[in-house]
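The values are calculated or read from the model by the stated rules, or taken from the named source; none is laboratory data. Just so we're clear, the structure is a prediction, and the values are computed from it rather than from any experiment. Note that we place each Cβ from the backbone using ideal geometry, even for glycine, and neighbour counts take in every protein chain shown.
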Amino acid sequence: MSAHSPRIAFVTALICVGLLSAAFYLEFISGLVPCALCLAQRAMFALIGIACLLYLLPFYGSRLIFGLISFVSSGLGIWLASRQLWLQSLPEDQSPACGPDIYFILERFPILDGLKIMFFGSGNCAEVQWIFLNLSIPGWTLLFYVFTASVSVWLIMFRGPRPFRLFKS
């Protein structure tokens with residue numbers, strides 16, 4: 001089982017690259033403007049992909065660290081996608097007020113205010129811009145975060161045999 005872990009990590013990193021490519025396609029080709037939560041979810045997919053690529057390093061101890069980074073990033077991604085789905089499910093009179101986009105906020109306000117808006121969202125995050133098979137973008141990302149969380153648990157549990165050491169340190 002542990003012989004498959006590097007391949008699974010590599011395929012997961014490729015999936016993250018594909019998801020980020022799709023996000024950039026939707027932004028730059030289709031013209032969808034990402035909200036703050038969308039940008040934070042992109043960052044989580046990038047962290048998961050990088051952690052899965054670094055999992056391929058031939059060091060036994062680092063595999064646990066990169067598996068945990070992938071798991072924590074997946075958990076944070078699940079929270080972000082769930083938060084955006086919750087904001088999208090609110091009636092229009094209960095959704096937060098729309099403000100300026102996140103790029104404006106990051107340029108003009110202190111970084112902590114920008115990060116707070118980025119992780120908690122605003123009224124812009126409640127807008128459903130794209131639907132495929134009856135799921136919006138955060139619905140699809142939630143599914144992929146659950147997938148990457150389960151893959152991360154696999155990577156943590158099945159890291160391979162411990163390396164042989166002649167002398168214990």
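Observations on the structure shown:
- Failed item in (1) touching a Lys or Arg at 6+ places or on another chain (Cβ under 8 Å); (2) assigned to a loop (DSSP other than H, G, I, E, B); (3) of a type in the set (A, V, I, L, M), with Leu20 passing the rest: (2)
Condition check ((1) farther than 20 Å from Phe66 by Cβ; (2) surrounded by fewer than 17 Cβ atoms within 10 Å (Cβ to Cβ); (3) under 17 Å from the mean Cα position of the chain (by Cα); (4) in contact (Cβ under 8 Å) with a residue 40 or more places away in the chain) across all residues:
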site	(1), (2), (3), (4)
His4	no, yes, no, yes
Ile15	no, no, yes, yes
Leu20	no, yes, yes, no
Leu32	yes, yes, no, yes
Ala36	yes, no, yes, yes
Met44	no, no, yes, yes
Leu47	no, no, yes, no
Ile50	no, yes, yes, no
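- Verdict on Ala40 being part of a helix (DSSP H, G or I) and modelled with pLDDT of 90 or more: no
- Residue that is surrounded by the most Cβ atoms within 10 Å (Cβ to Cβ) [pool: residues in segment 53-65 that are under 11 Å from Ile156 (Cα atoms) and in contact with a Ser or Thr (Cβ under 9 Å, 6 or more places away or on another chain)]: Tyr55
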